[in-house]
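Just below is one structure, and these are the notes that go with it.
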Amino acid sequence: MRQWHRQTAERRAEELPPAFRAAVDAYAEREGLGDLLDAETTVCSTRSEPTDAAGRGLFRRPPPPYETWLLLSATALVVVSDASGSPVAIVFRPGDLDVRRFSSPLVDDDGLEVTGAAVGASERATLFLPLDDGPAGRAFAAALQAAAGGP
């Protein structure tokens, strides 16, 4: 049973909410990346809402809804999300990523798994990117897979 309802929409970089933009700018400044949102980008946002199956119980509250923005240019994949409460950004180089469709026998969800070292990190890590299976989610997934050199 799905724990999250995901809704992905095609966006423009100019629509990035101010708090999300501030998180991206702080990351870029810390890592000396310049303005990450100046380049031509493919952009989407995914709203994630918990379903009735998401952690409800006698002493548990469901997790709050959250939003994730994905911005892809020729030189950067910017991921910014407020899943932890306030927006947090991370940046990857698309050519350094391994990208695959999320698949698990235990969790029914849609999205991508990306593995790579974030800009400024010394080790590789895997990150889940929430995307629905609609036109906007599929288009962004295809663009990211192509930028990463995948199928």
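Please identify every one of the GluC sites (Glu not before Pro) in the range 64-125 that sits in a loop by DSSP and has no more than 15 other beta carbons within 10 Å of its own beta carbon. Passing sites in the range 64-125 are E123.
How much length is gained on full extension from F59 to R30, taking 0.36 nm per residue of separation minus their Cα-Cα distance? Don't skip to the answer; put the middle values down first.
Details: separation 29, 0.36 × 29 = 10.44 nm, distance 4.01 nm.
This chain segment gains 6.4 nm when fully extended.
Across the range 4-147, the mean sequence separation of Cα contacts (distance under 8 Å, 6 or more residues apart), normalised by length, yields a relative contact order of 23 percent.
Size of the dipole of the chain about the Cα centre, Lys and Arg at +1 and Asp and Glu at -1 on the beta carbon, nothing else charged, in debye to 20? Walk me through the intermediate numbers first.
Details: 15 positive and 22 negative charges, 93 e Å.
Result for the chain is approximately 440 debye, rounded to the nearest 20.
What angle do you read, to the nearest 10 degrees and between 0 and 90, between the alpha-carbon axis of helix 18-31 and the longest principal axis of the chain? Tilt of helix 18-31: around 50 degrees. Using alpha-carbon pairs under 8 Å, 6+ residues apart, how would you state the relative contact order of the range 76-151 in percent? Relative contact order, the range 76-151: 25 percent.
Potential lengthening of the chain between E123 and S86 amounts to 10.9 nm, from the contour at 0.36 nm per residue minus the alpha-carbon distance. Can you tell me the 0 to 90 degree angle between the C-alpha axis of helix 135-147 and the longest principal axis of the chain, rounded to 10? Taking Cα atoms only, the helix is inclined about 40 degrees.
Diagonalising the gyration tensor over the Cα atoms of the chain and scaling each eigenvalue by 5 before taking the square root yields semi-axes of 25, 18, 15 Å, largest first.
Taken together, the values in this text are just the output of simple stated rules run on the coordinates, not laboratory data. In this text, all values refer to a predicted model and were calculated from it rather than measured experimentally. Cβ atoms come from the backbone with ideal geometry, glycine included; neighbour counts cover every protein chain shown.
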